[in-house]
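Trainee: To start, I am sharing the structure in question, which I have written as structure tokens.
The values are calculated or read from the model by the stated rules, or taken from the named source; none is laboratory data. Remember, it's a predicted structure, so these values are computed and weren't measured experimentally. A quick note on method: Cβ atoms are made from the backbone with ideal geometry, for glycine too, and the neighbour counts reach across all protein chains shown.
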Amino acid sequence: MEERCLRSFAIHGTVFILISGSLLHFLYEWSGRNPFIGALTPVNESVWEHLKLVFLPGVALLVLESIFCKTSNRGSIIAGKTIGIFVMVFSILGGFYLYTLFLPHNLIFDILLMFVAVALGQFASYRVSRSKAVSPFLATIALFLLISLGFAFVAFTFWPPLLEPFRDSITGAYGI
């Protein structure tokens, strides 16, 4: 039962992240540029802001999986989802800058990159979530890292560093 639940969340979670992430792309504009909405959704076309497309759905999956998957080690779900989210984030960052070294920026490649990043992240999450060896200490570290990433998304929305990943590729602006 536990294994089936984790596998189901890995598969359906991939679809959930792709669909909800795609909708989040437009939520800031739909909200009338509400800064509270912008804190957790993309506010511009920078690479950094697009990482929010996998972060918020990934955290939502963590909560849902923790509620619905009965497991003897809830810390493994926390660690698994955290690792999965970081795999998605670093896959998007690395993949984007790698492909744009050789090819011009392309929306189709961005969409494919998001799909690959989400699939890799969900696979990593599933593998770790199945583990019984995640200690409460490791789960606590994972949760701290996840919360820290969330704070970074919020802070850098309003006070972004003047670095390339934070620059809007269309306007050249930073943050809100």
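Trainee: Please indicate, with yes or no, whether at least one residue in segment 81-98 is over 11 Å from the mean Cα position of the chain (by Cα) and either of a type in the set (S, T, N, Q) or part of a loop (DSSP other than H, G, I, E, B) (or both).
Mentor: no
Trainee: Is it true that some residue in segment 155-165 is crowded, with 17+ Cβ neighbours inside 10 Å, hydroxyl-bearing (S, T, Y) and not in a loop (DSSP other than H, G, I, E, B)?
Mentor: So far as segment 155-165 goes, yes, one or more of its residues are crowded, with 17+ Cβ neighbours inside 10 Å, hydroxyl-bearing (S, T, Y) and not in a loop (DSSP other than H, G, I, E, B).
Trainee: Okay, moving on. So which of I67, I17 is at pLDDT 95 or above, β-branched (V, I, T) and either out of contact with any Phe, Trp or Tyr (no Cβ under 9 Å at 6 or more places or on another chain) or under 22 Å from D110 (Cα atoms) (or both)?
Mentor: Answer to the selection: I17.
Trainee: A follow-up question, please. Considering segment 126-154 alone, what residues qualify as being within 19 Å of K52 (Cβ to Cβ) and in a loop (DSSP other than H, G, I, E, B)?
Mentor: If the condition is that a residue be within 19 Å of K52 (Cβ to Cβ) and in a loop (DSSP other than H, G, I, E, B), then no residue fits.
Trainee: Among the residues in segment 85-93, are any surrounded by fewer than 18 Cβ atoms within 10 Å (Cβ to Cβ) and in contact with a Phe, Trp or Tyr (Cβ under 9 Å, 6 or more places away or on another chain)?
Mentor: yes
Trainee: Determine if segment 122-132 includes at least one residue that is more than 20 Å from the chain's Cα centre (by Cα), farther than 23 Å from P57 by Cβ and touching a residue at least 24 places away in the same chain (Cβ under 8 Å).
Mentor: Looking for residues that are more than 20 Å from the chain's Cα centre (by Cα), farther than 23 Å from P57 by Cβ and touching a residue at least 24 places away in the same chain (Cβ under 8 Å), one finds at least one in segment 122-132, hence yes.
Trainee: Only one of (1) assigned to a helix (DSSP H, G or I); (2) farther than 26 Å from W159 by Cα is not met by P104, so which one is it?
Mentor: All conditions are met except number (1).
Trainee: Right, something else. Of a type outside the set (F, W, Y), at pLDDT 95 or above, in contact with an Asp or Glu (Cβ under 8 Å, 6 or more places away or on another chain) and closer than 23 Å to A10 by Cβ - does that describe any residue in segment 80-101?
Mentor: Checking segment 80-101: at least one residue is of a type outside the set (F, W, Y), at pLDDT 95 or above, in contact with an Asp or Glu (Cβ under 8 Å, 6 or more places away or on another chain) and closer than 23 Å to A10 by Cβ.
Trainee: Now for a separate question. F123 - would you say it is among the aromatic types (F, W, Y), part of a helix (DSSP H, G or I) and over 21 Å from H12 (Cβ atoms)?
Mentor: No, not satisfied.
Trainee: Do any helices (runs of 4 or more DSSP H) lying entirely in segment 1-73 carry at least 2 residues that are among the acidic types (D, E) and surrounded by fewer than 20 Cβ atoms within 10 Å (Cβ to Cβ), and which ones are they?
Mentor: Qualifying helices (runs of 4 or more DSSP H): 2-30.
Trainee: Can you name every residue in segment 142-159 that is in contact (Cβ under 8 Å) with a residue 12 or more places away in the chain and under 22 Å from V59 (Cα atoms)?
Mentor: Hits for segment 142-159 are A142, L143, L145, L146, L149, G150, F153, V154, F156, T157, F158.
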